[in-house]
Each structure stands twice: as structure tokens, then as C-alpha cells.
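Engineer: Here it is: the structure, laid out below.
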Amino acid sequence: MSANPLVAIPARFSASASAHRYQALTTARTLSEGVLRAGGEPLAVHPWAPAGRVTADDLDRRLGFADAVLLPGGGDLSPRTYGEEPATDEVYDVDDEQDAFDLAVARWAVARGVPLLAVCRGWQVVNVALGGDLEQHMPGPHRHVVHPVAVQPGSVLEGVVGSTVAASCYHHQRARRLGDGLQPVAWAEDGTVEGAVLPQAAGWFLAVQWHPEDTVTSDPAQLSLFRALVDAGRG
């Protein structure tokens, strides 16, 4: 194992980037820096899903190096991934290849016991991967806001961030029906599930609806999330 645990981060497709002439793959700089600050080595992984299909064997070959996985934020999951048609024009940046890859990574990490931290879209991906669904467009201000989140006493998440946390949010969807085995452990004031655990998972797992990378340099609780993932990756 590397002295610095290797953290695989599925990249995001981007129509353009300032340093490139064509379409690009991107990873949020603050997200990667959060992993680095926590003592890990972030590695972006191309979200390649030929013909919309990714198998566990594919991921064994491609992600076998990973000591941990971080599923990041991004655009919306297609409602078709949870058996619905788009019901609002608010659904944005849907990419079927991205969806197929992220969903496969979520299932692979859970099944293989690879430590997994899922943030924002990443949490929604895990929920759908395990059979849950999403509210396609939720009421209330959860974009460009920092709001308090109450964390369940005695939960793994409380052990990492404490009993309350200031969460930087940017989302307009939220978990509705939770996937198999997922348990909510944090909530916004309006009842939105902001954190979840998976007690039967073979490896370490946490999911949060907010973006810890937004305030990782100013809020020790957010850095603690990255440290918990990296520490789990040390085995």
C-alpha cells in the first residue's frame, strides 16, 4: 500500500475548460486538495462506460489500485436511472455515460469493501445504486447556502464532524426513498437527509449531501471528513 493512500475520484465530463481546446475531464480543485490536506493522493479516473455498461470486472481492473473512493458532486442523475421520466425542466447536465460509470463505482466499492465517501451527487448516486430514488426538484433554498445540519448522536458521522455542522450546499434534488440498508444520520431543518451510513457495508462508508470541499480550509469538521476517508484507506 502507498504511504499516502490512493483515493480514486471519478472525473466529470466538461463541455470545455480554459486550459483545453476541446471537451475536458475535470475534478474540483478544492476536492482534490481536501484529499491532499488529509494525507491522501487524489487520482482522477475517466468515467468511461462504453455502450452504457460497466461491470465489476471492469472496475477490478481499472480501480484495483484504489485504497479508497470519493464520489463527488456534479450534474443531476437521469431520472430514468430510478425508473422515472424527467418531470421538470430543472433537471440539468444529465450524462448517461457519467451515470452508468458512477452507479457502477458505487456498487463496486460497497461490494468490495473499498472505503467510500460520497458527497452531494455522489450521495444521490449511492442511494439510487442501492435501489432508492430522488425528488427531482425540491422546495426550499439549498443552492449557494451554508446551513446547519443536525447529526444523530452516537453515529459514525457524529464521531467525524460532531453533533452539528455548518454545511455548504448546492443541490436542488434530495433523497426520497432510501436505498437498501441506508440509514439517515443527519438532517437539515426542513427534513432533508444530509448524511447517511450503511451499517452492513463490507468497508467504511459515509455519505453527505453537502460539499465539504467548499469550506475545507476554514472548517476543521470538513477536513475531518477527508481525514476519515484517508485513514480508512490506510487499512
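The values are calculated or read from the model by the stated rules, or taken from the named source; none is laboratory data. Keep in mind that this is a model prediction, so the values were computed, not measured. With ideal geometry, Cβ positions are generated from the backbone for all residues, glycine too; neighbour counts draw on all protein chains shown. For accessibility, only protein heavy atoms count, side chains too; no ligands or nucleic acids. Shrake-Rupley method; radii C 1.70, N 1.55, O 1.52, S 1.80 Å.
Engineer: Give me the accessible area of Asp57, 1.4 Å probe, in Å² rounded to the nearest 10.
Structural biologist: 90
Engineer: Quick check: at a probe of 1.4 Å, how many percent of the accessible area of the chain sits on carbon and sulfur atoms?
Structural biologist: It is 50 percent, rounded to a whole number.
Engineer: At a 1.4 Å probe radius, which order do Arg21, Arg177 fall into by accessible area, largest first?
Structural biologist: The residues order as Arg21, Arg177, largest area first.
Engineer: Considering all alpha-carbon pairs of the range 130-173, what whole percent are spaced by more than 16 angstrom?
Structural biologist: Within the range 130-173, distances greater than 16 Å cover 54 percent of Cα pairs.
Engineer: Quick one, could you list the DSSP H helices from the chain stretching 18 Å or more along their long axis (Cα atoms) with average Kyte-Doolittle hydropathy of -0.5 or above?
Structural biologist: Long hydrophobic helices here: 96-112, 220-233.
Engineer: Okay, helix-only estimate at 222 nm for the chain: each DSSP H run of n ≥ 4 adds -39500 (n - 2.57), divide by all residues, round to 500 deg cm²/dmol; what do you get?
Structural biologist: Rounded to the nearest 500, the figure is -8000 deg cm²/dmol.
Engineer: Measuring from centroid to centroid over Cα atoms, what is the spacing of the range 177-235 and the range 70-148 in Å?
Structural biologist: Each part's Cα centre sits 14 Å from the other's.
Engineer: Mind checking the per residue accessible area of the chain for me, 1.4 Å probe, whole number of Å²? All intermediate terms of the calculation are to be shown ahead of the outcome.
Structural biologist: On the way: 10430 Å² over 235 residues.
Heavy-atom accessible area per residue stands at 44 Å².
Engineer: Sticking with this structure for a sec: For the chain, take the convex hull of the Cα atoms, compute a quarter of its surface area, and give me that in nm², please.
Structural biologist: For the chain, averaging the hull's shadow over all directions gives 12.4 nm².
Engineer: Can you pull the three principal axis extents for the Cα set of the range 24-139, in Å, largest first?
Structural biologist: 41, 31, 27
Engineer: Quick one: if you stick a label point 7 Å off each Cα along the C-beta vector at Thr26 and Phe65, how many nm between them?
Structural biologist: Spacing of the two 7 Å Cα→Cβ label points: 2.4 nm.
Engineer: Once fully extended, how much extra length lies between Asp89 and Ala44, figured as 0.36 nm per residue of separation less the alpha-carbon to alpha-carbon distance?
Structural biologist: 13.2 nm
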